[in-house]
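**Student:** Attaching a single structure in structure tokens format; questions to follow.
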Amino acid sequence: MRTPDTSELLRVWEQGTGEPAAIRALLLMRAAAPEADGDALAHCNIGQRDCVLLNLRDALFGPEIHCLTDCTNCGEPIELDFRTDDIRVPHADPGGSYHTTAHGYEVQFRLPDSADLLALEVERQAEQPAQAERRLLERCVLDAWTEEGDVEVATLPNAVLSAVSQEMGETDPQAEVLLEVVCPECSAISPAPFDIVSHLWAELDAWARRMLREVHALAAAYGWSEAEILRMSATRRRAYLDLIGG
């Protein structure tokens, strides 16, 4: 993995603004691994993807994470402070297939990837959220059968697909990180999901907007081009900003 430079990060931010999370994640992955095949990145399972993004987050902003969540019991905002290593867990190997048995059905499946999430996004735009979630699971089912013979994926009961979803979570725990949160107000303990894609993108957005303000201030003061300013080190830019009171 490599650390993208300032110009590359701004391009990623520009391209990903207004796009769904699955596309933003792929843009970030490609910036971190420009030599990798784009199709291969799209077919990394979600745990692999999130592991790459945790490493990228370390390189860009360090390992300390500060964020907010709300207590599910009383609604009180809760501050969370942890390190990326605290939420790193083993992710599933690429390209594997898995098996589960539920309600008399045998199901062979693979893990979801970014290509699946992009397809899910299309379903959501068609205002079919329940169908979209089912379609995501159906896309990942490779084969299904009972004692009577093969079963069409589209006819699988929801309870069977729910069992497949649960097995996916156990197989690839990095894909869904749940933090155990204790509310300081009511002492309730509840799980809080942490999504590295949305968190990293929020940090990138704040960074990019701050960077553009710095470029604007220095360009207005000295007449330098954006490219010239972005080629400067952060220390040098900060020194010039101090001189103009920026």
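The values are calculated or read from the model by the stated rules, or taken from the named source; none is laboratory data. Computed from a predicted structure; not experimentally measured. Glycine also receives a Cβ, built like all others from the backbone with ideal geometry; neighbour counts cover every protein chain displayed. Protein only, heavy atoms only, side chains kept; ligands, DNA and RNA dropped before computing areas. Shrake-Rupley method; radii C 1.70, N 1.55, O 1.52, S 1.80 Å.
**Student:** In the stretch 124-132, is there at least one residue being surrounded by 13 or more Cβ atoms within 10 Å (Cβ to Cβ) and either within 30 Å of Pro184 (Cα to Cα) or among the small types (Gly, Ala, Ser) (or both)?
**Tutor:** yes
**Student:** Where residues in the stretch 10-22 are touching a Leu at 6+ places or on another chain (Cβ under 7 Å) and surrounded by 16 or more Cβ atoms within 10 Å (Cβ to Cβ), which of them is nearest to Val52 (Cα to Cα)?
**Tutor:** For the stretch 10-22, the residue satisfying everything is Ala22.
**Student:** Would you mind finding the one in Ala159, Ala163 that is in contact with a strand residue (DSSP E or B) (Cβ under 9 Å, 6 or more places away or on another chain) and open to solvent by less than 40 Å² (accessible area, probe 1.4 Å)?
**Tutor:** Ala163
**Student:** List the number of the failed condition for Ala32; all other conditions in (1) open to solvent by 20 Å² or more (accessible area, probe 1.4 Å); (2) out of contact with any strand residue (DSSP E or B) (no Cβ under 8 Å at 6 or more places or on another chain) hold.
**Tutor:** (1)
**Student:** Looking at Asp70, Asp113, which one is touching a strand residue (DSSP E or B) at 6+ places or on another chain (Cβ under 8 Å), on the phi < 0 side of the Ramachandran plot and open to solvent by less than 70 Å² (accessible area, probe 1.4 Å)?
**Tutor:** Asp113
**Student:** Any residue at all in the stretch 80-90 that's modelled with pLDDT of 90 or more, closer than 26 Å to Arg24 by Cα, of a type outside the set (Asp, Glu) and in a helix (DSSP H, G or I)?
**Tutor:** Checking the stretch 80-90: at least one residue is modelled with pLDDT of 90 or more, closer than 26 Å to Arg24 by Cα, of a type outside the set (Asp, Glu) and in a helix (DSSP H, G or I).
**Student:** Could you say which residue among Asp86, Asp81, Asp39 is among the charged types (D, E, K, R), more than 16 Å from the chain's Cα centre (by Cα), open to solvent by 70 Å² or more (accessible area, probe 1.4 Å) and more than 21 Å from Gln174 (Cβ to Cβ)?
**Tutor:** The unique qualifying residue is Asp39.
**Student:** Of the conditions (1) open to solvent by less than 60 Å² (accessible area, probe 1.4 Å); (2) under 27 Å from Asn73 (Cα atoms), Ala239 satisfies every one except a single condition; which number is it?
**Tutor:** (2)
**Student:** Run down Glu203, Glu185 and say which single residue is part of a loop (DSSP other than H, G, I, E, B), surrounded by 12 or more Cβ atoms within 10 Å (Cβ to Cβ) and at negative phi.
**Tutor:** Exactly one residue qualifies, and that residue is Glu185.
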